[in-house]
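The values are calculated or read from the model by the stated rules, or taken from the named source; none is laboratory data. On a predicted model such as this, the values are computed, not experimentally measured, just so you know. Counting neighbours? That spans all protein chains shown, and the Cβs are built from the backbone with ideal geometry, glycine included.
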Amino acid sequence: MPYSSLLFILYFLPITAGVYYLLRFSQRFQNVWLLLASFIFYAWSKPVHIIFLLVSIAANYCLGLVIVRRQQKEVSAKPVLTAACVFNLVLLFIYNYLSPLAAGIGSFFSLDTTAVTSILAPLGIVLITMHVISYLVDIYRQDVKMDTNPVNFALYISFFPLLLGGPILQYGDVVRQIGHRKTMWGDFSQGVCRFVVGLGKIVLIADAMGLIADHVFSLSAMSGSLTSVPAALTWVGLIAFTLQIYHTLSGYTDIALGLGRMFGFRYRENFNYPYIALSITDFWSRWYTSLLSWFHNYVLDPLTVRNSSHDRLVRNMFLMWMLIGLMFGGGWTFLLWGILNAALLVFERVTEFDDLSISRIVRRIYVLVFMMLGWVLFRTADLYQLSVFVGNFIGANGNGFFSDTAFMIIREYWIVFLAGIVFSTPAAPKLRMLLISKNNGWTRIYTVIYPLLMGAMLLLILIFLVRSGYDPFLNDNLL
Amino acid sequence: MNFTRRAQSFFAILFIVMSAIFSILNFITRLPLFQSKLRQLPEGSGLNNVVGMVDYVANSSILGEEKLIYTHSQLEVLFRKKESGGFEIIKGNNGELGYGNFYPILTGHTEEYALRVSRFRDYESSRGCPLIFINAIDLYDRENSSYAADLPINDQNAISDAMLFYLQSYDVDYLDSRKVLKDSALQPEAYRYNTDIHWTVEASFQVFAALIEKLSLGYDLELDPDYFYRNPDNYSKTAYLQSYAGILGQRSGTPFSGWDDFLFIEPDFQTRFTFEYRKDNIDYTVTGDFNEALINHSYLDNGNLYASYLSGQTPWKRIYNELSQDGPRLLFVCDTFAMPLISFLAPMASEIHVICPSADRTLDLEEYVMAFDFDFVFVEYYPGNITEDRFHFFTE
């Protein structure tokens with residue numbers, strides 16, 4: 001059930017929030033209710049996958065208890081932790097990576113691998129695995145005391161605002177909130193606004209940009225004998241994807257933070273206008289920060305021993321980034337994307353890039369060029385498509401430069417491109433700060449205008465959602 | 001900061017009040033639709049099917065959707081857009097709508113479908129029943145449609161060409177409506193509605209007349225020796241001016257699509273039929289003259305004028321001609337393009353069976369044709385419907 005579906009907005013969310021606030025008298029009941037709602041949310045797309053979730057919750061809860069008990073008896077819990085991590089990673093591998101691997105092997109050796117490739121990954125399996133590993137490691141390290149209430153643990157794993165995207169949690173950050181949190185009206189109202197902003201990013205910007213990017217990348221994938229994709233069109237497609245990926249991921253973050261806030265949870269910020277970064281290092285301190293923080297905490301730190309050599313640090317950095325790449329998908333292009341980022345970060349550290357006297361504009365262009373190059377790796381399905389897209393991009397495939405289609409796309413979607421670019425920068429919060437910094441007439445106007453603008457955006461979201469799913473002949477098959 | 005919080009509070013209150021009212025009203029008004037769709041699910045449907053149905057209905061139909069679509073359409077007009085819904089629909093220079101398509105049209109699948117039609121023909125021929133394939137027109141007319149060159153035009157004529165080529169190679173007879181209309185007295189702008197995928201009722205009448213001619217010349221089947229049924233003067237015509245928005249118009253919204261004129265044609269001579277059809281697993285029977293039996297007045301009333309002929313697409317329907325039992329017994333395997341055409345044929349036939357394979361995949365066409373002796377079989381599709389779900393018959 002996507003957050004940007006009418007079913008979620010019109011039925012699931014109002015019922016979940018309504019009952020949640022009716023149960024104000026007991027946080028336990030509230031948590032049980034949120035857990036039940038999360039199970040329904042999880043099972044909605046494929047009911048049978050709830051079994052995976054329940055098994056994962058039960059197994060990891062017990063493994064956590066075993067770790068704590070062994071530590072209480074002063075017996076090493078490391079073998080249990082290792083076994084638990086392996087168990088979760090094997091599950092992740094089976095569901096997420098076995099299928100593309102089997103497909104590759106099958107096509108190479110002409111084998112029928114349908115039984116394996118037809119395995120569908122359960123919803124949010126990557127995020128769930130990361131949350132579980134954080135829980136196991138945090139209690140093993142005794143960074144935080146385990147909450148032995150199974151409902152609270154199950155809610156940590158399966159809370160619906162975090163299942164489709166948003167920040168990656170670390171157990172230590174949220175364990176206390178699950179059992180002891182206060183939901184104030186201010187939290188709720190901020191959460192509502194954040195949720196609507198996230199929806200707006202996804203429905204009004206990311207979906208449209210995604211549509212354009214999909215067409216261009218698909219055309220590029222089949223280009224050659226069937227069709228030719230001029231360079232200008234690939235540029236437009238790449239810009240569209242650059243805007244799509246930012247507004248999708250930051251939109252999901254806004255939704256997760258907003259929904260969490262509505263139910264009293266506070267999560268860390270995840271995005272801070274990364275496309276205005278002045279270096280790749282700066283970019284990664286603004287883009288999906290919870291991801292990097294998680295990998296630093298649970299991958300890089302354990303690999304780094306005291307007095308590690310530079311070579312070892314560089315090796316660990318590459319290893320971590322390759323894993324980050326593989327987290328997003330099982331293809332070679334994701335691996336290359338990880339390697340590219342590691343190489344850029346190492347390059348910046350070696351050259352002390354931040355201290356070089358380079359103008360801000362040049363720095364921003366450098367960041368955008370390399371990040372967009374990275375997005376090509378991220379978006380293309382395989383190395384062949386990558387080579388075709390890059391060839392098209394620089395006009396090396398005899399594909400020409402000018403494209404009527406590219407100009408047509410800009411003509412039809414200029415307003416979305418413009419909104420996508422403007423809202424990738426801190427222009428809106430700066431304008432808001434300007435309006436409210438001095439307590440004058442503008443501030444009062446802002447107080448009136450803001451709810452109206454948000455209401456208009458919500459209406460616009462509803463209109464676009466209805467248009468995308470509208471079936472005027474739901475009652476009658478007229479074709 | 002207080003001002004920010006106050007502004008957020010105002011919006012949160014607005015959000016709660018509006019979403020609560022809207023959600024409750026929406027649920028109450030959609031409940032009958034949920035119940036009706038639930039009843040339509042086959043017996044023993046699993047949880048997956050129920051969830052899928054609830055999901056589909058909840059996301060496809062909400063309170064005030066026509067107004068929201070209308071507003072969306074107005075926004076598209078405001079921004080002078082020539083496409084709607086992410087290139088789902090594109091607009092031509094003369095207001096005609098078409099589907100958008102960025103990709104090359106592939107025709108490889110047509111050979112298999114032509115082969116299936118030929119197997120169907122072979123089976124019926126062995127029982128002395130000929131078969132003709134009728135190719136309906138595409139939305140895009142290579143000679144007359146006019147779109148801005150940069151729009152992603154969906155020209156499916158290549159599918160028609162390939163299908164007819166393979167049918168010819170399998171020696172299956174066909175009627176190409178593109179040629180029929182080109183040779184007719186109709187102006188090209190009257191071939192199809194701007195807002196709909198269908199050909200106009202007038203165009204359908206031209207194809208009906210050409211079919212009668214073909215049966216007479218090619219098969220010695222004289223259905224209209226006196227040129228009575230093909231004479232347009234024997235039909236009454238009702239014009240619905242600027243009041244028809246077809247499939248494309250309703251999806252994109254009328255500010256974007258505009259309106260079409262609709263010419264409703266019905267016989268001006270005596271007719272009497274019994275019309276049976278199955279819809280949503282319920283069987284209906286209507287008896288009366290052409291207007292009473294074959295025209296669904298609820299569609300006329302709600303603006304779905306084209307679907308008023310034979311109630312649009314239903315999985316199965318049968319027309320008994322109460323005034324003549326001497327005519328042939330016909331079978332149509334078709335999409336909705338054929339509905340006016342079949343209606344015009346009905347006074348000349350004793351009985352017409354109509355099957356729309358895509359509307360009911362469980363209906364076994366091979367078993368069905370074994371149970372009846374037909375005098376003639378017609379397979380009719382528009383090129384966009386030359387797809388697997390329309391040709392799941394005689395697969396081996």
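Can you name the residue in the stretch B:259-285 that is surrounded by fewer than 16 Cβ atoms within 10 Å (Cβ to Cβ) and in contact (Cβ under 8 Å) with a residue 60 or more places away in the chain and is also farthest from B:Asn94 (Cα to Cα) among such residues?
B:Asn281
How about the stretch B:73-87: which of its residues are more than 9 Å from chain A (Cβ to nearest Cβ) and either buried (at least 18 other Cβ atoms within 10 Å of the Cβ) or not hydrophobic (A, V, I, L, M, F, W, C) (or both)?
Residues of the stretch B:73-87 more than 9 Å from chain A (Cβ to nearest Cβ): B:74, B:76-78.
Matches in the stretch B:73-87: B:Gln74, B:Glu76.
Look at A:Leu7 and say whether it is modelled with pLDDT under 90 and closer than 28 Å to A:Gly200 by Cβ. Give the steps one after another, and end with the answer.
On the way: modelled with pLDDT under 90: yes; closer than 28 Å to A:Gly200 by Cβ: yes.
So A:Leu7 fits the description; yes.
Can you find a residue that is outside the structural domain of B:Phe165 (by TED's automatic domain parsing), of a type outside the set (S, T, N, Q) and touching a Gly at 6+ places or on another chain (Cβ under 6 Å) anywhere in the stretch B:59-71?
Scanning the stretch B:59-71 turns up at least one residue that is outside the structural domain of B:Phe165 (by TED's automatic domain parsing), of a type outside the set (S, T, N, Q) and touching a Gly at 6+ places or on another chain (Cβ under 6 Å).
Quickly run through the stretch A:446-465 and pick out the residues that are crowded, with 16+ Cβ neighbours inside 10 Å, among the β-branched types (Val, Ile, Thr) and at the interface with chain B (Cβ under 10 Å from one of its Cβ atoms).
Of everything in the stretch A:446-465, those that are crowded, with 16+ Cβ neighbours inside 10 Å, among the β-branched types (Val, Ile, Thr) and at the interface with chain B (Cβ under 10 Å from one of its Cβ atoms) turn out to be A:Thr447, A:Ile463.
If A:Val229 passes every condition in (1) out of contact with any strand residue (DSSP E or B) (no Cβ under 8 Å at 6 or more places or on another chain); (2) crowded, with 18+ Cβ neighbours inside 10 Å but one, which one does it miss?
(1)
Name the residue, out of B:Phe394, B:Phe378, B:Phe374, that is part of a loop (DSSP other than H, G, I, E, B), closer than 30 Å to B:Ile105 by Cβ and in contact (Cβ under 8 Å) with a residue 60 or more places away in the chain.
The conditions single out B:Phe394.
For the stretch A:49-78, enumerate the residues that are among the hydrophobic types (A, V, I, L, M, F, W, C), within 26 Å of A:Met1 (Cα to Cα) and in contact (Cβ under 8 Å) with a residue 40 or more places away in the chain.
A:Phe52, A:Leu53, A:Ile57
In the stretch A:169-194, how many are part of a helix (DSSP H, G or I) and within 17 Å of A:Arg268 (Cβ to Cβ)? Lay out the reasoning, then the answer.
Narrowing the stretch A:169-194 to residues part of a helix (DSSP H, G or I): A:171-179, A:185-194.
If we keep only those that are within 17 Å of A:Arg268 (Cβ to Cβ) as well, we get A:171-178, A:187, A:190-191, A:194.
The qualifying residues number 12.
Scan the stretch B:12-38 and report the pairs whose first residue is touching a residue at least 24 places away in the same chain (Cβ under 8 Å) and within 8 Å of chain A (Cβ to nearest Cβ) and whose second residue is in a helix (DSSP H, G or I) and exposed (fewer than 15 other Cβ atoms within 10 Å of the Cβ), with Cβ atoms within less than 6 Å and a gap of 6+ or a chain change.
Filtered contacts from the stretch B:12-38: no entries.
Could you list, in sequence order, the residues of the stretch A:114-128 that are in a helix (DSSP H, G or I) and modelled with pLDDT of 75 or more?
A:Ile125, A:Val126, A:Leu127, A:Ile128
What's the number of the only condition in (1) loosely packed, with under 15 Cβ neighbours inside 10 Å; (2) of a type outside the set (Asp, Glu); (3) touching a strand residue (DSSP E or B) at 6+ places or on another chain (Cβ under 6 Å) that B:Leu41 fails to meet?
Checking B:Leu41 against (1) loosely packed, with under 15 Cβ neighbours inside 10 Å; (2) of a type outside the set (Asp, Glu); (3) touching a strand residue (DSSP E or B) at 6+ places or on another chain (Cβ under 6 Å), the one that fails is (3).
Would you say A:Val314 is farther than 30 Å from A:Met209 by Cβ, in contact (Cβ under 8 Å) with a residue 12 or more places away in the chain and of a type in the set (Val, Ile, Thr)? Can you show your working first?
On the way: farther than 30 Å from A:Met209 by Cβ: yes; in contact (Cβ under 8 Å) with a residue 12 or more places away in the chain: yes; of a type in the set (Val, Ile, Thr): yes.
When the stated conditions are applied, A:Val314 passes them.
Checking A:Thr443 against (1) at the interface with chain B (Cβ under 10 Å from one of its Cβ atoms); (2) within 31 Å of the chain's Cα centre (by Cα), only one condition comes out false. Which one?
In the conditions (1) at the interface with chain B (Cβ under 10 Å from one of its Cβ atoms); (2) within 31 Å of the chain's Cα centre (by Cα), A:Thr443 misses (2) alone.
Does the stretch A:320-352 hold any residues that are of a type in the set (A, V, I, L, M), surrounded by fewer than 16 Cβ atoms within 10 Å (Cβ to Cβ) and without any contact (Cβ under 8 Å) to a residue 24 or more places away in the chain, and which are they?
Answer for the stretch A:320-352, where residues must be of a type in the set (A, V, I, L, M), surrounded by fewer than 16 Cβ atoms within 10 Å (Cβ to Cβ) and without any contact (Cβ under 8 Å) to a residue 24 or more places away in the chain: A:Ile339, A:Val350.
Go through (1) of a type in the set (Ser, Thr, Tyr); (2) surrounded by 23 or more Cβ atoms within 10 Å (Cβ to Cβ); (3) assigned to a loop (DSSP other than H, G, I, E, B) one by one and return the number of the condition B:Ser343 breaks.
It is condition (3) that B:Ser343 fails.
So that you can scan it fast, the table gives a plain yes or no per residue for (1) of a type outside the set (A, V, I, L, M); (2) farther than 23 Å from B:Val180 by Cα:
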{"site": "B:Gly92", "(1), (2)": "yes, yes"}
{"site": "B:Glu96", "(1), (2)": "yes, no"}
{"site": "B:Tyr103", "(1), (2)": "yes, yes"}
{"site": "B:His109", "(1), (2)": "yes, yes"}
{"site": "B:Glu124", "(1), (2)": "yes, yes"}
{"site": "B:Ile137", "(1), (2)": "no, no"}
{"site": "B:Asp141", "(1), (2)": "yes, no"}
{"site": "B:Ile153", "(1), (2)": "no, yes"}
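Could you grab the pairs with beta carbons closer than 6 Å, sequence gap of 6+ or different chains, first residue in the stretch A:223-250 and closer than 21 Å to A:Phe283 by Cβ and at pLDDT 95 or above, second one crowded, with 21+ Cβ neighbours inside 10 Å and polar (S, T, N, Q)?
Listed by first residue and then by second, the contacts come to nothing, as the list is empty.
Please give the number of the condition A:Leu101 fails out of (1) free of Cβ contacts under 8 Å to residues at least 60 places away in the same chain; (2) out of contact with any helix residue (DSSP H, G or I) (no Cβ under 8 Å at 6 or more places or on another chain); (3) hydrophobic (A, V, I, L, M, F, W, C).
All conditions are met except number (1).
So, of the residues in the stretch B:295-313 that are over 16 Å from B:Lys237 (Cα atoms) and in contact with a helix residue (DSSP H, G or I) (Cβ under 6 Å, 6 or more places away or on another chain), which turns out to be surrounded by the fewest Cβ atoms within 10 Å (Cβ to Cβ)?
So the residue we want is B:Tyr299.
Using the structure shown, decide if A:Val174 is crowded, with 21+ Cβ neighbours inside 10 Å, touching a residue at least 60 places away in the same chain (Cβ under 8 Å), more than 11 Å from every other protein chain (Cβ to nearest Cβ) and farther than 30 Å from B:Phe102 by Cβ.
Details: crowded, with 21+ Cβ neighbours inside 10 Å: yes; touching a residue at least 60 places away in the same chain (Cβ under 8 Å): yes; more than 11 Å from every other protein chain (Cβ to nearest Cβ): yes; farther than 30 Å from B:Phe102 by Cβ: yes.
It is true that A:Val174 is crowded, with 21+ Cβ neighbours inside 10 Å, touching a residue at least 60 places away in the same chain (Cβ under 8 Å), more than 11 Å from every other protein chain (Cβ to nearest Cβ) and farther than 30 Å from B:Phe102 by Cβ.
Residues of the stretch B:251-277 being under 17 Å from the mean Cα position of the chain (by Cα) and either modelled with pLDDT under 90 or aromatic (Phe, Trp, Tyr) (or both), which ones?
Scanning the stretch B:251-277 gives B:Phe262, B:Phe264, B:Tyr277.
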